[in-house]
Amino acid sequence: MKFILLLLGFLFSVPVFSQEQGLDEKINKLFEPLANVAENIVLYSVSVTDSIKIPLVVALLVCGALFFTIAFGFINFRKVGLAIQIIRGKYDEMDVQDDINDEKVAVNAVDGDIVQTIKPENQHGEVNHFQALATAVSGTVGLGNIAGVAAAIGIGGPGATFWMIICGLLGMSSKFVECTLGVKYRDIDENGVVYGGPMYYLSKGLSEIGKAKLGKALGLLFAILCVGASFGGGNAFQSNQATAQIQSFLQLQGGSSGFWIGLILAILTGIVIIGGIKRIAKVTEKIVPFMAILYVGACLFIIFSKFDLLDEAFSQIFSEAFTPTATVGGLVGVIIIGFKRAAFSNEAGAGSAAIAHSAVRTKYPASEGIVALLEPFIDTVIICTMTALVIVLFNMGDVFVYGGYTSNVILKDTGESIGGVGLTSMAFDAALPGFSKVLTVAIVLFAFSTMISWSYYGLQAWKFLFGRGKKADLTYKILFLIFVIVGAASTLDAVIRFSDAMILALVFPNMIGLLLLFPKVKEELKTYLDAINVFKTSK
């Protein structure tokens, strides 16, 4: 609570702005140059033709994911069933049994635990497989699935959906690699508190293979970028779109409404994040299933209510994936848009989710890597595709024009410019009159769960840079909550450019590390699969 009071003190100490400019406009003017700098530095592109440019980070992301898919024998398809079994707890006993064997202790029950296994269990993590997955999914299943998909389709047309799905399927392999490494090279202190993520496996893992200087440099770079990403895609973008939906629902216009909505969101977020990963996990394991059922249920209702148009919708998605009609630079342009939005949505290859997964309670790193396979599938292949179908079906009524050049689309009837979350809300309301009120709740939950998960990611990176003391902890949380307000008060275009740049920037140091360390992942996978075979035999 202390850091919330400090935040409030900071906000109310800001000089009174002039009456000609509201708080929202003032904050956006300060934020816009930061977004421009971030975008120009990170999204450096190589020209293919005069009109088509390929961002290097997108090329690295996709090529890396394709390599891991082949190198691990299409593990993204083969081990989905095993991932579900692990989440259900089928192999949880393996950790306890190994602790008993390693420590050679007597098997006597004390308060529901086996004697002298309490400490080893704590040393292996803080949360179970489902909680780790729920926290990671809550960090990725956010408004990128709602506003981001709408923006991608608005710019790239229906064909962008196909490439989002392809990127999501390939991203399952990248997620497996990075989350296995996250558990393998994590730090666990004497109290059982876990510190993990790419900054640890880059520094420790690369040092292990004789590349200590490179590992240290990449680890530091990732940590810096991760802090920026936690302020951008994991925070400001979520706050921005949640605020836009609340403003629409309450019919608030201009002025300083974004600031005050952001302040309320910051206070609510602060109440949760002060409790650390265990409280975050407890909140997300309740919010994520609820919001997923609510949102997916509504999507399915709309899709099946327009079942007769479904063939045409899929036809548009597949045909325009290869012969796009949108003015986005042809085939390569629509592929890039699809891949960028998928990368922003599921973060596979960015390494962020490895921070949440590293807190899992297990002795086998590959077990959590396999669980993490499900994350891009849930996020991109299922939820993003459903959002896309709802919007494509909606636009069969010729509501807006595909192929814009900004994150907003132009409505044909009124000429009004509307952002991603507004477009999705319109699509739902057209099929389910009044559902925008329910969608407002879902959107706020999506945003809230993503923000609290990303606060943990950013805090872990911050501690890697500045130490694990209380002052460092407090400083980061204050900055994070300030960016909740900045995002709420800024324009979508500025926020999405900054957010894209920060999330995608993580790919550079992370993917280099993954490509160098993937042989270690192969060893861990073999160890775990062998242990499962022994476990099955002993049952």
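The values are calculated or read from the model by the stated rules, or taken from the named source; none is laboratory data. Worth saying up front: this structure is predicted, and the values here are computed from it rather than measured. Neighbour counts run over all protein chains shown; Cβ positions are idealised from the backbone, glycine included. Please note that ligands, DNA and RNA were not included when accessible areas were found on the heavy atoms of the full protein model with its side chains. Shrake-Rupley method; radii C 1.70, N 1.55, O 1.52, S 1.80 Å.
Pairs to check: Lys463/Lys520; Lys184/Lys522; Lys79/Lys526. Give those whose C-alpha atoms are more than 20 Å from each other in this structure. Over 20 Å Cα-Cα: Lys463/Lys520. Placing a pseudo-label 7 Å from each Cα along the Cα-to-Cβ vector at Thr414 and Leu309 gives an inter-label distance of 1.9 nm. All Cα-Cα separations within segment 436-539 were binned at 10 Å from zero, giving a P(r) of 11, 25, 27, 21, 13, 2, each value a whole percent of the pairs.
Treat each spin label as a single point 7 Å out from the Cα along the C-beta direction, and report the Asp92 to Ser319 distance in nm. In this crude spin-label approximation the distance works out to 5.1 nm. Note that segment 432-479 presents 37 Å² accessible area per residue, ligands and nucleic acids not counted, probe 1.4 Å.
Quick check on my link table: of Lys90/Lys363; Lys175/Lys211; Lys340/Lys412, which ones sit more than 25 Å apart, alpha carbon to alpha carbon? Violating the 25 Å Cα-Cα cut-off are Lys340/Lys412. Rolling a 1.4 Å probe over the protein heavy atoms of segment 425-480, with every protein chain left in place, gives an accessible area that is 68 percent carbon and sulfur.
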